[in-house]
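Next up is a structure, given as structure tokens.
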Amino acid sequence: MNLEFSFGSTGARFASPGFFEKHRRPLYGERIARAGYKKRRMTDQNRKECGYDLKRWEATRKQLKIKSRREGLYLLRFLKWMVIAAVSGGIIGLAGAGFHWALGEVTSLRQQQPWLLYLLPVAGLLIVFLYQKAGMESKGTDLVLQAVRSEDSVPFRMAPLIAVSTLLTHLCGGSAGREGAALQLGGSLGQQIGRFLRLDDRDQRIITMCGMGACFAALFGTPVTAAVFAMEVVSVGIMQYSALVPCALASFLGAEISRLLGQEATSFTVLAFPAQNWASLGQCIVLGVACAFVAMLFYGGMHAMGKVYGRFFKNGYLRVLAGSGLIWLFTFLLQTRDYLGAGTDVIARAMAGDVRPEAFLMKILFTAVTLGAGFKGGEIVPALFIGATFGGAFGHLLGMDVSFAASVGMVCVFCGATNSPLASLLLAMELFGGGSMPLYLVAVAVSYCLSGYGGLYAKQKMVYSKFRMGKFDRQDL
């Protein structure tokens, strides 16, 4: 029997010659050819004849066009900010490195020539005169923070004013820091670069933060902390991540340029990191609580001293003369010059285990008297001084290693005074090498939560509550 017909008529039909050739679905190329495909381009009619869903095709084509255009814009914006950050980081890094060198020179000169302390009133009178002539008596870091959140501008004249005034304050023995001045110097230069490049208001805010980070990094040598601090300090609870890449690049360039020009990065050595156990955790929690109250005492004393000066001395010249007299008096009574200038040598001694229990109170007093009178400088290094001396003394009572306790006190008081927990944790990593980071994290978190809703900067905006989900309101006070 013929096997072709063993499956019946169906099998015969399948086995008939040419059946598959007749009934197979045309290949894609054949369908295109039948539809009149010419010059490698299809019309809508061709697509319809080939079985395309024209509405779906048009929607897909529009989506692809939008996506490619969007990706192109993202790339252009990225490249734009890479170039702007490189330019601003380079320029402001050079300015910051020069400022760093000048501060070192005037500090060395003051230590070699103690009689310069008697010129403190002259320096104060000159500072008040310069600020009055420039029309900027009551403007400082708060103006820079306000400019990042609003359309306010930072005038270019702030840069030379804060640089010269801070140098005069340090030369003649005023108790002040330098990084707070870096925020003003960098913010002013950043806005000037933005105006030159004709950036719009939103981009001006980003380049202001770039300038703050670049100058901070050039002075302190901590680019990671500088980049995060510039974004975090403006508004508590909010970070402008749109500025992350520009701030990171500008801060890196600022620190690197300063290093290449011979300026050393700030760092301290912790003699011994503790084991991470329940005992060390409890000690860090208690120290964090205490540092939160010290931070409140510091920023509260700063604001209170300014109000006292304003109440009793309406005239700026009289105010600065009174402040100079108080600095002379306290220096004579204490018979030490440890509290003049920034005090980084005292911080180094505290890290080595040599602390005086009253030192943190004296530094609060000297710094409040100096800056409240109208002298210029920063508040950040004094905060580190206060934290190191208090942390070392209080940590010794808790049974902690003095060096480690001083390092914890530094970052906790810095956090409590500036409301910048992420920057504080990164500061611990860059200053001390990254050991025992979980303990630093717990202490910083405790200090942040318990330091209240105030801070060194009056224009720092409280956006989110420290204890509850949601935005800050009066019920949180």
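All of the numbers you see were taken from the coordinates with simple rules; none came from a lab. Note that the structure is a prediction, hence the values are computed from the model and not measured. Backbone-built Cβ (ideal geometry, glycine too); neighbour counts: all protein chains shown.
Quick check on packing: order 185-192, 281-288 by the mean number of other C-beta atoms within 10 Å, highest mean leading. Before the final figure, lay out the partial values.
Details: 185-192: 29.5, 281-288: 20.4.
Going from most to least packed, we get 185-192, 281-288.
If each residue of separation counts as 0.36 nm, what is the full-extension length gain between S267 and L318 once their alpha-carbon separation is subtracted?
Numbers: separation 51, 0.36 × 51 = 18.36 nm, distance 3.90 nm.
Going from the current span to full extension adds 14.5 nm.
Counting only other residues whose beta carbon sits under 15 Å from that of A322, what net charge do I get with K and R as +1, D and E as -1? Could you put the intermediate results ahead of the total?
Details: positive: K307, R311, K314, R319; negative: none.
For residues surrounding A322, the net value is +4.
Rounded, prolate or oblate: pick one for segment 386-439, where a ≥ b ≥ c are the square roots of the eigenvalues of its C-alpha gyration tensor, a/c under 1.5 means rounded, and failing that, prolate if a/b is larger than b/c, else oblate.
On the way: a/c = 2.28, a/b = 1.35, b/c = 1.68.
Here segment 386-439 falls in the oblate category.
Suppose each label sits 7 Å from its Cα in the direction of the beta carbon; what would the L109-R468 distance come out to in nanometres?
If labels sit at L109 and R468, their model points lie 5.5 nm apart.
Using 29 Å as the Cα-Cα cut-off, could you pick out the over-long pairs in K314/K471; K376/K459; K80/K139; K80/K466; K80/K376; K307/K461?
Numbers: K314/K471 38 Å; K376/K459 18 Å; K80/K139 31 Å; K80/K466 36 Å; K80/K376 35 Å; K307/K461 21 Å.
In this structure, K314/K471; K80/K139; K80/K466; K80/K376 exceed 29 Å between Cα atoms.
What does the charge count around A350 come to, taking other residues whose C-beta lies under 14 Å from its C-beta (Lys +1, Arg +1, Asp -1, Glu -1)? Walk me through the intermediate numbers first.
Details: positive: R349, R356, K363; negative: D338, D345, D354, E358, D401.
So the environment of A350 carries a net charge of -2.
May I pose another question? Does segment 349-473 come out rounded, prolate or oblate by the C-alpha gyration tensor, with a ≥ b ≥ c the root eigenvalues, rounded set by a/c under 1.5 and, if not, prolate when a/b is larger than b/c and oblate if not?
Details: a/c = 1.95, a/b = 1.14, b/c = 1.71.
Taking the square roots of the gyration eigenvalues as a ≥ b ≥ c, segment 349-473 is oblate.
Here's another thing I want to ask about it. What per residue convex hull volume, in Å³, comes out for segment 70-260 when only alpha-carbon positions are used? Walk me through the numbers on the way to the answer.
Values: hull volume 21.1 nm³, N = 191.
Cα-based convex hull of segment 70-260, divided per residue, equals 111 Å³.
Another question, then. Quickly work out the V308-to-E358 label distance, labels modelled 7 Å from Cα along the C-beta direction, and quote it in nm with one decimal.
1.7
Could you check the simple spin-label distance between N277 and F332, using points 7 Å along Cα→Cβ, in nm with one decimal?
5.4
Could you give each residue of segment 180-190 its phi-based ³J(HN,Hα) in whole Hz, using Karplus coefficients 6.51, -1.76, 1.60 with θ = phi - 60°, and x for Gly or Pro?
3J(HN,Hα) across segment 180-190, in whole Hz: x, 5, 5, 4, 6, 4, x, x, 5, 5, x.
Under the Karplus relation 6.51 cos²θ - 1.76 cosθ + 1.60, θ = phi - 60°, what is the ordered set of whole-Hz ³J(HN,Hα) values for segment 201-217, x standing for Gly and Pro?
My calculation for segment 201-217 gives 4, 5, 6, 4, 5, 5, 5, 5, 5, 4, x, 4, x, 5, 6, 4, 5 Hz in order.
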